[in-house]
Amino acid sequence: MRPFDFYAPATVVEALELMHQHKENVAVIAGGTDLVLELNERKANPAVVIDLKKLKELDYIRVEEGVVRIGALTTHAAIAADRQIEKYVRVLHEACRQVGSPQIRNLGTIGGNLAQSSVAGDGLAACVTLDADVTLRSVRGERRMKLDEFLAGEGATRRNILAADELLTEVSFALPDIRHTATAFYKLAKRKSLAISVIGGGMVATVDDNGICTYARMRAGALGRYPMPFPTCEAHLVGKKLTYATMLETLPIMHDQVLEANKSRPWSVFYKKESVQGVFKKVFADVLHQLGLEEVQE
Amino acid sequence: MKRRGTGVGCMFYGIGNTGLPNPAAAFVEVLPDTSVNVIVGAADIGQGSSTMAAAVAAETLGLAIENIHVTWADTQVAPEGGATSASRQTFITGNAVKNACTQAMGELRRTAAEKLEVPEEDLVFRNREIYSSKDETKRMTYPELMGAMSYRGRLAVGAGYYNPKTTYLNPADMSGVPYEVYSYATCILEVEVDTDTGEVTLLKCVSAHDVGTPINPKMVEGQIEGGTAMGTGFVISEKIDVDPKTLAIKNPTLSKYIIGTNMDMPEIYPIAVSSEGEAGPFGAKGLGEPALIPSIPATMAAIGNALGVTFTKTPIFPADIVKAWKDKQAAENQG
């Protein structure tokens, strides 16, 4: 680890000033579950590190006028323990509940997970599935955008459009109406705890009073640079009665799409194209269970 | 689809290599306050060889385990211990400690026999007391004995070693009797396999091990549980990934070399089976490797049983399971 100057501002305004002042070579630290490793391995060599842990104003989960707002410094553990998230936003609850280990969940924050935009970020996959918005602040002002737009980065070197002096302060999304909408997430990993996702599959599905699907959104992390969308699968479901049989019809589409996207990685594509179907079978079963439409026996 | 399967793994395993000499030694001194210094070369890498040495010394001397202080693997003072390998330290260092204690007891026996006026061979050393097996009213406490030792200027010191009876093997075909004793074990393991994702959930494991006389039953249980974690990991998640070009290990960290966590473990029911002693200290046999061995074939067989296929190599990763299941489905559809 190289020496660096360390600041621990007490307010967001102070933090933004510092980031603007040192934007040439600055790193911000929230939980530190990624940055500390990068510092130790000298993958990150900042001249200045700004600690955000004192910014309690960014540690909140609020539901206001049908919108869920989560402050960037909210930990995975806090989200996993939140009763409202557990009841209304299963996709995020399940994703945060299984990040790393208890120690990592106690430190790691949702803002850090989104800003890092890791290939296998579970919080990211869940929030993209929810079609969430993010709020970015800097001394120049505030901008808000869809996560999909936020992730329009340049791949490996620059993973998202966050500017060097910009702070991701909030993620927000519409509170699902659980009478008609269900969300689900399944994490496939190499062991049952302390594991990086092999695939993190998420889904949001809405049905009308007759059980006809009016909205579907499916995303899966760790299948590409960013959580992979399945628009053809979604289109297949919308307008049809939501049943397990109908949902299974999307699996061949998913198979072909994952094969096409990963064929440059022959050592992993076989397993990914097959297991992604297994992941979504579980997601489908969970969605149907939550909506009270069908109980699927595995 | 989730499918369950059960597998059984059996093994026998040699303890105490007789093909080549492999001795270990111990030093012992019983001090006037009845505390005991035991010095062994055996390296305790967490398996509990020092606790074993203390238990063997306490049992042999008739003292309590709290009285024994073990110094281990300090090359400045310790005698030869040989490698902590081949499940040998309980068997070999255990016997060395027993032999060292027996030597230290020479002066203790002589002194007790004089004080109690009974023949040395009638003396019993047990629970911090010394008494005659012929007349139990003739008895003294250990502090009294150590007082008598001090009065006479005698010291209770001993050095001992043990080497399995080296028989050597026939150099022409390596035939012969390669080990002094054998450990036996059977492990039964139940799994649930997800045929879509290849995930394996370890459900229950019963692992029964012939340990001769268990020197420390709790440590026997711990060794069986730890061995099960290693053996199941050997099958479902652990692999040293070597780059075929550079021969460098590609996963030299515990974030990439996947060992099971507590959440990955099955319910483990360890069973220590006692058997006739043979040559070990108080009849104890080694358990270090036997603890892990039978869970490997049991896990392989259980996964195979769940899918109705036979696996012939480890590890069996999720991709292997998905492929085996798809191949089987394809073969059945053709047939």
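The GluC sites (Glu not before Pro) of the stretch B:230-335 meeting both criteria, a DSSP state outside H, G, I, E and B (loop) and at most 11 other C-beta atoms within 10 angstrom of the site's C-beta, are B:Glu276.
Axis of helix B:142-152 versus longest Cα principal axis of chain B: the two differ by about 50°, to the nearest ten degrees. For A:Lys23, the lysines whose Cα comes closer than 22 Å to its Cα, not counting residues fewer than 8 places off in the same chain, are A:Lys43, A:Lys53, A:Lys54. Applying both filters, DSSP loop and at most 13 other Cβ atoms within 10 Å, to the trypsin sites (Lys or Arg not before Pro) of the stretch A:147-204 gives A:Arg158, A:Arg179.
Only loop residues by DSSP count here, and only those with at most 15 other Cβ atoms within 10 Å; note down the GluC sites (Glu not before Pro) in the stretch A:36-92 that meet that.
A:Glu41, A:Glu65
Residues of the stretch A:136-154 with an amide N closer than 19 Å to a point placed 7 Å from the Cα of A:Lys23 along the Cα-to-Cβ direction: A:136-145, A:150-154.
Using the Cβ-Cβ distance between B:Glu192 and B:Gln329 with R0 set to 25 Å, the FRET efficiency from 1/(1 + (r/R0)^6) comes to roughly 0.85.
List the lysines whose Cα sits under 20 Å from the Cα of B:Lys138, skipping any in the same chain fewer than 8 residues away. Filter leaves B:Lys115. Only aspartates and glutamates eight or more places from A:Lys146 in sequence, or on another chain, were considered; those with a Cα closer than 18 Å are A:Asp122, A:Asp131, A:Asp133, A:Glu154, A:Glu166, A:Glu170.
Which percent, nearest 5, of DSSP beta bridges in the protein assembly as shown are antiparallel?
Close to 80 percent.
If you average the C-alpha positions of the stretch B:229-304 and of the stretch A:60-135 separately, how far apart do those two centres end up, in angstrom? One Cα centre to the other: 36 Å. Look at the stretch B:195-204: the mean tally of other chain Cβ atoms within 10 Å of its residues' Cβ atoms is 4.
Per-residue Karplus couplings for the stretch A:190-201, computed as 6.51 cos²θ - 1.76 cosθ + 1.60 with θ equal to phi - 60°, are listed in order as 7, 7, 8, 8, 6, 9, 7, 4, 7, 8, x, x Hz, Gly and Pro entered as x. Among rounded, prolate and oblate, which fits the stretch A:5-51 when a ≥ b ≥ c are the square roots of the eigenvalues of its C-alpha gyration tensor, a/c under 1.5 means rounded, and a/b larger than b/c means prolate? Judged from the Cα gyration tensor, the stretch A:5-51 comes out oblate (a/c at least 1.5, b/c at or above a/b). Site pair B:Leu169 and A:Lys241 shows an inter-label distance of 7.1 nm when each label is modelled 7 Å from Cα along Cα→Cβ. Each distinct pair of alpha carbons in chain A adds a 1/r term; the inverse of their mean, the Kirkwood radius, is 19.8 Å. Beta bridges assigned by DSSP with both partners in chain A are antiparallel in approximately 85 percent of cases. Report, in listed order, any pair from B:Lys204/B:Lys250; A:Lys192/B:Lys2; A:Lys241/B:Lys326; A:Lys240/B:Lys323; A:Lys263/B:Lys323 with a Cα-Cα distance greater than 28 Å. The pairs that break the limit, which is 28 Å between Cα atoms, are B:Lys204/B:Lys250; A:Lys241/B:Lys326; A:Lys240/B:Lys323. Once the C-beta distance of A:Leu37 and B:Ile65 is scaled by a Förster radius of 41 Å, the resulting FRET efficiency is 0.40 to the nearest 0.05.
Note that the stretch B:317-327 has calculated 3J(HN,Hα) couplings of 8, x, 4, 5, 5, 4, 5, 4, 5, 5, 4 Hz, one per residue in order, obtained from phi through the Karplus relation 6.51 cos²θ - 1.76 cosθ + 1.60 (θ = phi - 60°); glycine and proline are x. Would you please give the FRET efficiency between B:Phe12 and A:Arg83, computed as 1/(1 + (r/R0)^6) with r the Cβ-Cβ distance and R0 = 56 Å, to the nearest 0.05? The value I calculate is 0.50.
How do A:Leu167, A:Leu259, A:Leu162 rank when sorted from fewest to most other Cβ atoms within 10 Å of their own Cβ?
Values: A:Leu167 23, A:Leu259 15, A:Leu162 18.
With the fewest neighbours first, A:Leu167, A:Leu259, A:Leu162 line up as A:Leu259, A:Leu162, A:Leu167.
Each value in this text was obtained by applying a stated rule to the coordinates, not by laboratory testing. Computed from a predicted structure; not experimentally measured. Reconstructed Cβ throughout: ideal geometry from the backbone, glycine too, with neighbour counts over all protein chains shown.
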